[in-house]
Amino acid sequence: MSAVISEVLDDSIAQELGLNVGDKLLSINKEKPQDMIDYRYMMCSEDVEIEIERLNGDIEIFEIEKDFDDDLGVVFESAVFDKIKPCTNHCIFCFVDQQPEGLRKSLYIKDDDYRLSYLQGTYVTLTNLTTKDRERIEKLHLGPLYVSVHTTNPELRVKMLSNPKAAGILEDLKWLKKADIPVHAQIVLCPGYNDGKELERTLSDLEKFKSIIRSIAIVPVGITRFHKNELKTITRENALNVIKQVENFNAKVKKHLAMASDEFFLKADYPVPDKKYYSNFSQLEDGVGALRLLIDDFNGRKKKLPESVKTPLSLTFAVAKSAFNIFKDITAELNKIKNCRCEIILLDNLFFGENVTVAGLITGRDLINQVKNKNVKTLVIPSIMLRPFSNDFLDNVTVSQAEKELSCKIVVIKDIYSTKEIFNLVMKHKH
């Protein structure tokens, strides 16, 4: 891997220098950056020398005078420029191991890299940290880190992660506490393993580290039809128990520290909590609080919806089970507008199986097969269905390919936590 430029921002230093997509950043002041952490620190200077390798292999050196905190104005293909630290665990619930062949290559990468945790909020187990890694985390105070705790029972964690090094989670947390590194903790709940009394134990142990713990997200295990173990999906009873345990724990610590993910409330047919439950929505990417954001956002906008639109508008929302009830309410409100016809298509996950209910794991082929013959004019989908910064679905089907097969226009909603783009679609037809 290397620091390959994937985008040059307008009106930036990089654009002024003539840097292009595909060029590689080799060094800054004669030092090679390992990752975006190095890059940010190295660029903090008024005088910078950068070494660039062009697409044709030519090497060019640029001497730059800039303000101390000015950036080059580029986006790199990856936040890590050397080799990603691989996962050394074999978790019983690993989603990567539950996938068939033929999907895009990135889905088979099992990373456990503290740098990506710091930079992008991915979860790490801390089982593969070297002494040098720990020293760097301490020296640069790299936090918050998103840590996959799962359980604080050493023997159980070894069993769940299939790694003897997993037993040291409490020692790892003590080290992070001493270094004053903030942590967002994650617990993937597997019925029969780390639920019930084991969950009580884990929450109780984490309470001892509340000076550094910023949040605790509890999410249900995801099981595809390709899984080869004896894991069980959560039941309504499991979900209700977790919701209650979280409520009791938060009452005990007198703050909203732990949060059950949205799927628990859907499974339990339980009202989605109000926004104070989610504190600062710090674990949205783990499916914690997205439904509340959508509900509140639309409720704040619907009073501004017009009574009618001049140009007839027909929208069809393709949604996964996790967001179906919310979009039922949204489409009902939109259909009150004269000349506006909105429908909703519930997408089943035929590829991964019925237990997978999130939009981010819907394949392009599943979308096409369930939308075709529905006489759709404009299909609205969330960007989470696509690979970041691309128009490709999980199975490499493209948006343009789907449009061609469905004979319709596809609108991709980029902000999946807001209904602003939907509101704007309506308002464009008002006049």
Taking region 63-83 as the search range and keeping residues that are of a type in the set (Gly, Ala, Ser) and more than 15 Å from Leu19 (Cα to Cα), which one is surrounded by the most Cβ atoms within 10 Å (Cβ to Cβ)? Ala79
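At least 2 residues that are assigned by TED's automatic domain parsing to the domain that holds Phe249, at pLDDT 95 or above and aromatic (Phe, Trp, Tyr) in each: list the helices (runs of 4 or more DSSP H) lying fully within region 135-209 that qualify. Steps first, answer last, please.
Values: elements: 154-161, 169-178, 197-207.
Counting at least 2 such residues, we get no helices (runs of 4 or more DSSP H) at all.
Each row is one residue, and each column tells you yes or no for (1) modelled with pLDDT of 95 or more; (2) touching a Phe, Trp or Tyr at 6+ places or on another chain (Cβ under 9 Å).
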{"position": "Glu343", "(1), (2)": "yes, yes"}
{"position": "Phe352", "(1), (2)": "no, yes"}
{"position": "Val358", "(1), (2)": "no, no"}
{"position": "Gln370", "(1), (2)": "yes, no"}
{"position": "Asp392", "(1), (2)": "no, no"}
{"position": "Asn396", "(1), (2)": "no, no"}
{"position": "Ser400", "(1), (2)": "yes, no"}
{"position": "Leu425", "(1), (2)": "no, no"}
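In the list Asp58, Asp113, which residue meets the criterion of being over 25 Å from Arg225 (Cβ atoms), in the same structural domain as Val219 (by TED's automatic domain parsing) and either in contact (Cβ under 8 Å) with a residue 12 or more places away in the chain or loosely packed, with under 15 Cβ neighbours inside 10 Å (or both)?
Numbers: Asp58 fails: in the same structural domain as Val219 (by TED's automatic domain parsing).
Answer to the check: Asp113.
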Flag for Glu138 being free of Cβ contacts under 8 Å to residues at least 24 places away in the same chain and surrounded by fewer than 16 Cβ atoms within 10 Å (Cβ to Cβ): no
Does Ile50 fit the bill of being under 32 Å from the mean Cα position of the chain (by Cα) and surrounded by 18 or more Cβ atoms within 10 Å (Cβ to Cβ)? no
Mind telling me which of the residues Ala217, Ala239 ends up being touching a residue at least 24 places away in the same chain (Cβ under 8 Å), buried (at least 17 other Cβ atoms within 10 Å of the Cβ) and in contact with a Lys or Arg (Cβ under 7 Å, 6 or more places away or on another chain)? Ala239
In region 112-129, what count of residues is obtained for those that are within 21 Å of Leu170 (Cβ to Cβ) and either at pLDDT below 95 or outside any helix (DSSP H, G or I) (or both)? 8
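Please give the helices (runs of 4 or more DSSP H) falling wholly within region 355-431 in which 3 or more residues are without any contact (Cβ under 8 Å) to a residue 40 or more places away in the chain. Don't jump to the end; show me each part of the working.
Working: elements: 364-371, 399-406, 420-427.
Answer list for region 355-431: 364-371, 399-406.
Within region 399-415, how many residues turn out to be closer than 30 Å to Gln283 by Cα and surrounded by 18 or more Cβ atoms within 10 Å (Cβ to Cβ)?
Going through region 399-415, the residues closer than 30 Å to Gln283 by Cα turn out to be 399, 410-415.
Those left that are additionally surrounded by 18 or more Cβ atoms within 10 Å (Cβ to Cβ): 399, 410, 413.
So the count comes out to 3.
The values are calculated or read from the model by the stated rules, or taken from the named source; none is laboratory data. Computed from a predicted model, the values in this text were never measured in an experiment. Every residue, glycine as well, gets a Cβ built from its backbone with ideal geometry; the counts of neighbours run over all protein chains shown.
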